[in-house]
Amino acid sequence: SQQGEEDPQALSIQEGENATMNCSYKTSINNLQWYRQNSGRGLVHLILIRSNEREKHSGRLRVTLDTSKKSSSLLITASRAADTASYFCATGLGNTPLVFGKGTRLSVIA
Amino acid sequence: DAGVTQSPTHLIKTRGQQVTLRCSPKSGHDTVSWYQQALGQGPQFIFQYYEEEERQRGNFPDRFSGHQFPNYSSELNVNALLLGDSALYLCASSPPQTGQQETQYFGPGTRLLVL
């Protein structure tokens, strides 16, 4: 079963705009990760945020984590056509495997 | 430095057949995990191999089996294929002494179509 639930399922924006995707989960976690997948290819790791962190940045990416609400958000600033992809959150706990959500499909229109 | 590689890239089989998928982990990595990703879904964990043994297994039937070789490469075998086994099969590797919930490095996947 999948723990993470991304919202929205699909998002379409113009190039240069910001894109925000949300992830909600159900159980305790040690960390939450975001991955990107282009057109049914392999997943690329974007960022990992641990349960004791509230915000993390990497280039144009900003991730927040609210463990009290069991939710996370991924913000992509100044989006580009190359950001068009599916984005997945995955939760990690102890020695159990990562559990992925169903993803958000982002389309950035030039 | 080569990343995770998988072969073949695409495969078409018929119901009841058997298939073997292959994965070479990123250089320096010793742990390999396999995931199944159905269309429109997120990846689902099948199993993980470490030191040539299956360390953990997801909710998949015994038709799914695997192997890890001394050079850390791995195979995923699926017997008695069903239409529902059609999916993208992803291999991921991770470096030594990292937990299963740490960053995974994914290969490009093998697209399996069962007719």
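FYI, it's all coordinate maths here, none of it is from the lab. Just so it is clear, the model here is predicted, and its values are computed rather than measured. Quick reminder, even Gly has a Cβ in these numbers, built from the backbone with ideal geometry, and neighbours come from all protein chains shown.
Some points to look at:
- Cα gyration tensor of the protein assembly as shown - equivalent ellipsoid semi-axes, whole Å, descending: 29, 20, 16
- Projected-area mean, segment B:68-114, by convex hull of Cα positions, square nanometres: 4.3
- B:GLN41 versus A:GLU53: modelled label distance in nm, points set 7 Å from Cα along the beta carbon direction: 3.0
- With contacts taken as Cα pairs under 8 Å and at least 6 residues apart, chain B reaches a relative contact order of 37 percent.
- Placing a pseudo-label 7 Å from each Cα along the Cα-to-Cβ vector at A:SER68 and B:GLN18 gives an inter-label distance of 5.6 nm.
- Taking only alpha carbon atoms, segment B:29-73 gives an Rg to Rh ratio of 1.00, where Rh is the Kirkwood radius.
- Gain upon complete extension [B:GLU53, B:GLN97; 0.36 nm per residue less C-alpha separation]: 14.3 nm
- Flagged links, alpha-carbon separation over 21 Å, of A:LYS56/B:LYS26; A:LYS56/A:LYS102; A:LYS26/A:LYS102: A:LYS56/B:LYS26; A:LYS56/A:LYS102
- Rounded D (µm²/s) - chain A, Kirkwood Rh over Cα pairs, Stokes-Einstein at 37 °C, 0.692 mPa s: 237
- Computed over the alpha carbons of segment A:1-56, Rg followed by Dmax gives 13.1, 36 Å.
- For B:LYS13, a cut-off of 16 angstrom between C-alpha atoms picks up these aspartates and glutamates, skipping any fewer than 8 places away in its own chain: B:ASP85.
- Mean Cα-pair separation over length for segment B:22-86, i.e. relative contact order, pairs under 8 Å, 6 or more apart, %: 30
- Inter-chain shielding of A:42-49 (mean C-beta neighbours from other protein chains, 10 Å cut-off): 5
- For A:ASN18 and A:ASN38, the difference between the fully extended length at 0.36 nm per residue and the C-alpha to C-alpha distance is 5.3 nm.
- Remark: relative contact order (chain A) = 39 percent; criterion is Cα-Cα distance under 8 angstrom and separation of 6 or more residues.
- Two-decimal Rg to Rh for chain B - Kirkwood Rh, Cα set: 0.95
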